[in-house]
C-alpha cells in the first residue's frame, strides 16, 4: 500500500510518481509498487535491504543519495507487550519515504500533523517520527515503573508470597527495551552528527538523541531497582527461614530437658525411690510443666520465640 501527502499543504493525494514536496508512506509494498518507487527515487540499495529485512536493528546512515534511519519500538507500550514494530525513513532533500509493515504508533500521529504545527519538511517529519517513537519508550517505562511499584508493595506487605518469578519476568521485558532504546539513540546521534538539513534540523536530531538517552537511563534504573528488589525478596525469605528455624530450635530446647527427665524416670531400677512414691507421677508432671513453662517464658522475654 502506498499513500502520499503534500508537505506544503498536508493534503492527501494519490502517488503517481511525484518526487518533490511529498511524503510517501509505504506499508508492506507489493513488488510492482517497490519497483515504481525505485524508478522514481535514487534509493540506495543497502538502505533498501535494511528496510526490507525483517527484525533489523535500529541504525542510521547518510548515503550520497539520501539520509536513512530505521528504528524499532514497542507496538503496545501501555500494556507492556513484547511485540515490536519498525519504521524506516528515506530522507531526501524535498521528499521523505517511510516504510513499515503495517504502520506504527508514531507514524499514525505524525501523518495527521503534516501541513500544520510546523511539520512540512522531510527533516521535520523525520524528527517528529523519531520523537513520537521515543514517546513509546517513555510510555513503556511508565507502565513498567507502575508494575515495579506494585511488586515492591507486594513484597513488603505480603511477605509470605514469593515474587521472584514476577521480578524475572519484568527483567526479561526491561532488557530488550533498554537495548532497543540504546540502538535508537545511537542511530539518532549519527543523524545529528552527519545528517543533512539546517542547523535547526540537526539540533532537533540531537534533541531526539537526548530523549532516547533518557529512556535508556530509565530502563537502566528500573533494572537496578528490580535487582535490589530481588535481593530484598531473597533476604526476606532468608529472614523468614531464620525465624522458623529459631522457633523450631526454641521448641526443641524446651522439650530437651523434658525428654531427659522422662528418660531418667523411665528406667525401671528397683532401688529408685520415686518408683514407689505415692505422689511420684504427679511430681513428674509438675516438673515437666514447670520446666517447660519457665523455658518458654525465658525465650519469650529474650525475643527468641
*Does residue 51 meet the test of being in contact with a helix residue (DSSP H, G or I) (Cβ under 8 Å, 6 or more places away or on another chain), under 20 Å from residue 128 (Cβ atoms) and surrounded by 12 or more Cβ atoms within 10 Å (Cβ to Cβ)?*
no
Residues of the stretch 1-50 being at pLDDT 80 or above, under 18 Å from residue 125 (Cα atoms) and not in a loop (DSSP other than H, G, I, E, B), in sequence order, are 2, 3, 4, 5, 6, 13, 22, 23, 24, 25, 26, 27
Screening 260, 219 for residues that are in a helix (DSSP H, G or I) and not assigned by TED's automatic domain parsing to the domain that holds residue 165 leaves only 260
Considering the stretch 58-80, residues that are part of a loop (DSSP other than H, G, I, E, B) and in contact with a strand residue (DSSP E or B) (Cβ under 7 Å, 6 or more places away or on another chain), and then whichever is nearest to residue 188 (Cα to Cα), we arrive at 58
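Condition first: under 30 Å from the mean Cα position of the chain (by Cα) and part of a loop (DSSP other than H, G, I, E, B). Now tell me which residues in the stretch 105-127 satisfy that. Steps first, answer last, please.
The first filter runs over the stretch 105-127 and keeps only residues under 30 Å from the mean Cα position of the chain (by Cα), leaving 105-113, 124-127.
112, 113, listed by residue number.
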When restricted to 183, 135, 142, 131, the only residue surrounded by fewer than 22 Cβ atoms within 10 Å (Cβ to Cβ), closer than 27 Å to residue 206 by Cβ and in contact with a strand residue (DSSP E or B) (Cβ under 8 Å, 6 or more places away or on another chain) is 183
Given (1) in contact with a strand residue (DSSP E or B) (Cβ under 8 Å, 6 or more places away or on another chain); (2) buried (at least 23 other Cβ atoms within 10 Å of the Cβ), residue 95 misses just (2)
Within the bounds of the stretch 223-243, is there any residue that is assigned by TED's automatic domain parsing to the domain that holds residue 138, under 30 Å from residue 70 (Cα atoms), out of contact with any helix residue (DSSP H, G or I) (no Cβ under 9 Å at 6 or more places or on another chain) and assigned to a helix (DSSP H, G or I)?
yes
Given (1) touching a strand residue (DSSP E or B) at 6+ places or on another chain (Cβ under 6 Å); (2) within 24 Å of residue 184 (Cβ to Cβ), residue 45 misses just (1)
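The values are calculated or read from the model by the stated rules, or taken from the named source; none is laboratory data. On a predicted model such as this, the values are computed, not experimentally measured, just so you know. Methodologically, a virtual Cβ is constructed for each residue, glycine included, from the backbone with ideal geometry; neighbour enumeration extends over all protein chains shown.
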